[in-house]
1. Just round it to a whole percent: the fraction of Cα-Cα distances in segment A:16-116 exceeding 19 Å.
2. List the extent of the Cα atoms of segment B:5-98 along each of their three principal axes, largest first, rounded to whole Å.
3. Ratio of alpha-carbon Rg to the 2.2 N^0.38 Å globular estimate for the protein assembly as shown, to two decimals, please.
4. What residue among A:Thr223, A:Ala170, B:Leu174 has its Cα farthest toward the positive end of the dipole of the protein assembly as shown, where the charges are +1 on Lys, Arg and -1 on Asp, Glu, each on the Cβ?
5. According to the Kirkwood expression over distinct Cα-Cα pairs, how big is the hydrodynamic radius of segment A:7-183, in Å?
6. Can you give the net charge of the other residues whose Cβ lies under 11 Å from the Cβ of A:Thr32, counting K and R as +1 and D and E as -1?
7. Hey, what do the phi angles of segment A:256-271 turn into as Karplus ³J(HN,Hα) couplings, whole Hz, using 6.51/-1.76/1.60 and θ = phi - 60°, x for Gly and Pro?
8. Please report A:Cys247, B:Cys155, A:Cys34 as a ranked list, fewest other C-beta atoms within 10 angstrom at the top and most at the bottom.
Amino acid sequence: MSKPIATVAVCGAGGTMGAGIAIVAARAGFRTICHDVAIEGLDRTLKQTEGFLTKSVERGKMTGADKDAAMSRLSRTTALDDLGVADLVIEAVFEELSVKRALFKKLNAICPDSTIFASNTSTLSITEIAGGSGRDDRVIGLHFCLPAQMMKLIEVSPGIKTSAATLEAAWLWCEKAGQLPVKTQDKPGFILNALLVPFNNDCIRAVEAGVASPEDIDKAIKTGLGYKMGPLELVDLVGLDTQVRLCEAFYPITLDPRAAAPPLLRRMVAAGLLGRKTGRGFFTYNSGKMFGA
Amino acid sequence: MRYSIRQQGESRSFPQGDAFLAAAASDGEVVIYLGVPLETDDTKGAILIELGLECLGVHTGERVGEEGSNVLGFARYRNGGDAPTQLVELVRQPNTRPDAIAAARAVFEASGFVVVVASDQAGRIIDRLVRPKYNAALRFLDEGLATSKDMDLTCRLGLGYPDGPIERVERGGLAYHYDVTAALFAVTGFAAYAPARRAMVAKQRDGA
């Protein structure tokens, strides 16, 4: 049995996902150290966290005292050495294998043997991330859903060498953090993205094949299947460039034709139509109304 | 807009007792064919023929991509044995008359349906898009990626879906999933539509 988890460190806490994970940990009573390379990002995270928790109080989801306690459990640092006190380190840094491996290798020299390393990767192999960390048996995948502070689900994925004790400790931590863990194998995209990325590609190919307009595809999926958001609206939200990156992560590993980036997607990215963030993707957002691209 | 119905046998879109059947007139500007061979009539605003897994061209014939008239296909979407949804997929051809599309849309929307228009391709919109996902989920189940419960929970909690892929395809019927994917695979040849092992088993047991 691993040491009980009392202190959690979040690497990449200056980003959206990392910030959300830090809220989950601090809200659940864990001392939480937010780490990133730039102090500005961490300051922004703490400010946004304060705002999020204040709204939670206003909505009656927590008391003012609970909010103050959660904020008092949060600290920030740009020094990796400060993470030596963590029982669990969750990384949410750039989705690049070499970056994650280098981080865990450095942390292995800083953290005690009992510390568990968790990766929030959505596409990379946990086993590959663990390789070279010096503690393959204490590395596990904890994939949160965006926005982490709102979504209960965590995909828990042990790598080939992850020990049963690590899995048990990580699982227990998820539950104590108020989350709902589901166990998946260490396969590309785990459950969520393995189903979602090819499905979104299929929808893009349907537009390209002239099956229907983006509006009608989304309308059909929402009305027929009861989804809250249409798949093309979702791709616009996530970003068409992000969808390309997901495809580039999946396809070389799976060689599944459905995971390959559709030509239309690449053309739209080349044209700067990246979705909501550029005001136009499959729909346009300039006037707040949606029109077919 | 008045519509009339010519029906033989049970309709998947409008089961017996459906209010849409009861509201039909004896003669209408739009004629709806449910299980009855198509008879063309250019004087009608639109002629709508209910489709199963086949393309509209099976009923109308095709002409080097120039086909189209006042005849449209349609199907009210339902997941196998589930009750029909409010979604009507209209199927058009390259030269389908715009006024016929408008008339068809008006008839269904006046009855409270949500209408989308698809070109005459296998699976229309929904089956074309979701059946490969259900196949993948069934394959993941065989490969031990996760339990069916966890896959379904992940889709409900992680994506906000009302149900997960396994519970949905099971509820609709695995043998029905076989029928749909076999039809799609026959037309497209895409491996993603090849019926999943569990669907094949269900179909074989269905026929046993």
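1. Pairs farther apart than 19 Å: 44 percent.
2. 38, 30, 22
3. After normalising by residue count via 2.2 N^0.38 Å, the value is 1.12.
4. Result: A:Ala170.
5. After inverting the mean inverse Cα-Cα distance, the result is 15.9 Å.
6. +4
7. For segment A:256-271, the Karplus-derived couplings read 7, x, 5, 8, 6, 5, x, x, 4, 4, 5, 5, 5, 5, 4, 7 Hz, x marking Gly and Pro.
8. A:Cys247, B:Cys155, A:Cys34
Taken together, the values in this text are just the output of simple stated rules run on the coordinates, not laboratory data. The model shown is predicted, which means the values in this text are computed figures rather than measured ones. Glycine also receives a Cβ, built like all others from the backbone with ideal geometry; neighbour counts cover every protein chain displayed.
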